[in-house]
Amino acid sequence: MDEGNKARTVAATAMNALSSRSHAIFTLVLTQIKFDPDVKMTSEKTSKISLVDLAGSERAGKSGTTGDRLKVVRR
């Protein structure tokens, strides 16, 4: 997560002191493994949780964003 935060670009707008123009997705995978001694077998349950932080959606006019801050970067 630290590496992802280091790669983000942030700058101040009129509405937010640290506005970001990037999206962030953090995925957490949890696995539970259980052993049943009666049948001598294991079972496994897996859960996946995705936390999504979308880039700011404030209106350009209200935020005072101009120039490079306003441009949408597509890769």
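The values are calculated or read from the model by the stated rules, or taken from the named source; none is laboratory data. Quick caveat, the model's predicted, so the values are computed rather than measured. With ideal geometry, Cβ positions are generated from the backbone for all residues, glycine too; neighbour counts draw on all protein chains shown.
What the table below lists for this structure:
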| read-out | value |
| --- | --- |
| Test: residue in region 55-68 that is within 17 Å of the chain's Cα centre (by Cα) and modelled with pLDDT of 60 or more | yes |
| Among residues of region 17-54, those that are in contact with a helix residue (DSSP H, G or I) (Cβ under 9 Å, 6 or more places away or on another chain), farther than 17 Å from residue 1 by Cβ and at pLDDT 80 or above, counted | 0 |
